[in-house]
1. Classify the range 53-103 as rounded, prolate or oblate from the Cα gyration tensor: take a ≥ b ≥ c as the square roots of its eigenvalues, call it rounded if a/c is under 1.5, otherwise prolate when a/b beats b/c and oblate if not.
2. If you line up the Cα atoms of the range 43-151 on their principal axes, what length do they span on each, largest first, in Å?
3. Return one whole number: the accessible area per residue of the range 43-151 in Å², for a 1.4 Å probe.
4. Within 13 Å, Cβ to Cβ, of G70, how many net charges do the neighbouring residues add up to if Lys/Arg are +1 and Asp/Glu are -1?
5. First select every other residue whose beta carbon is under 14 angstrom from the beta carbon of R131; then total the charges, Lys and Arg +1, Asp and Glu -1.
6. For P80, what charge total do you get from the other residues with a beta carbon under 14 Å from its beta carbon, if Lys and Arg give +1 and Asp and Glu give -1?
7. In the range 43-151, carbon and sulfur make up what percent of the accessible area (probe 1.4 Å)?
Amino acid sequence: MAVRRGTAQRRGTLMVALAVLTLALSGCGFGADEPADEPDRAPAEEAATRSRERVQAYLDAMVAKDLAAGRSQFCATAHPAFDAAATGPNGDFADHFTVPEATVTDVRPGPRGQEVSASVTVSVDERAATRGLLFTVTRNGADWCIAEEAPGGNSPAPTASPLTAG
């Protein structure tokens, strides 16, 4: 009887161990139902954070009128367009105006990368105007860069109020 009880306990322990191992492996992406990870794809939170950082660095460069720092935030493929427009009459680094304030207002995924909206205040003489800019930020290998800048932007995402939540 002692032999049977020991064998039954070992079998029970073995079955539990196999069940735990099977669940652990399937939870780690080894199961057939799990899609393969894309090695170049970043988690959404990292994408939003890195995109916000890139655009804020660019906005800070606009405020400081630091052309080189602004250019360094753009992808290499966008450098020719940046060089052609940055110091022109309507460029972000034109001499005839200042940028006293610029801030990121919204970050969200878009069809070609992260879409980062910004609000930029531009001053000429005694007049000031606030305009929206929309940046597209993409991942280039291990780094993030601004691929495109355009007028406009997305409205900030609505937040749930205590009256509408729940």
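1. oblate
2. Projected onto its principal axes, the Cα set of the range 43-151 covers 44, 27, 21 Å.
3. Working: 5930 Å² over 109 residues.
That works out to 54 Å² for each residue.
4. Values: positive: R54, K65, R71; negative: D60, D66, D83, D92, E149.
Within the 13 Å Cβ shell, the charges total -2.
5. Working: positive: R127; negative: D92, E101, E149.
Net charge in that neighbourhood comes out at -2.
6. Details: positive: R71; negative: D83, E148, E149.
Spelling it out: positives minus negatives among the neighbours equals -2.
7. Working: 3090 of 5930 Å².
Carbon and sulfur atoms account for 52 percent of the accessible area of the range 43-151.
The values are calculated or read from the model by the stated rules, or taken from the named source; none is laboratory data. A quick note: this is a predicted structure, and the numbers were derived from the prediction, not measured. Here the Cβ is made from the backbone with ideal geometry for all residues, glycine too, and neighbour counts use every protein chain on show. The protein model used for the area step is the full one, side chains on, heavy atoms only, and it has no ligands, DNA or RNA in it. Shrake-Rupley method; radii C 1.70, N 1.55, O 1.52, S 1.80 Å.
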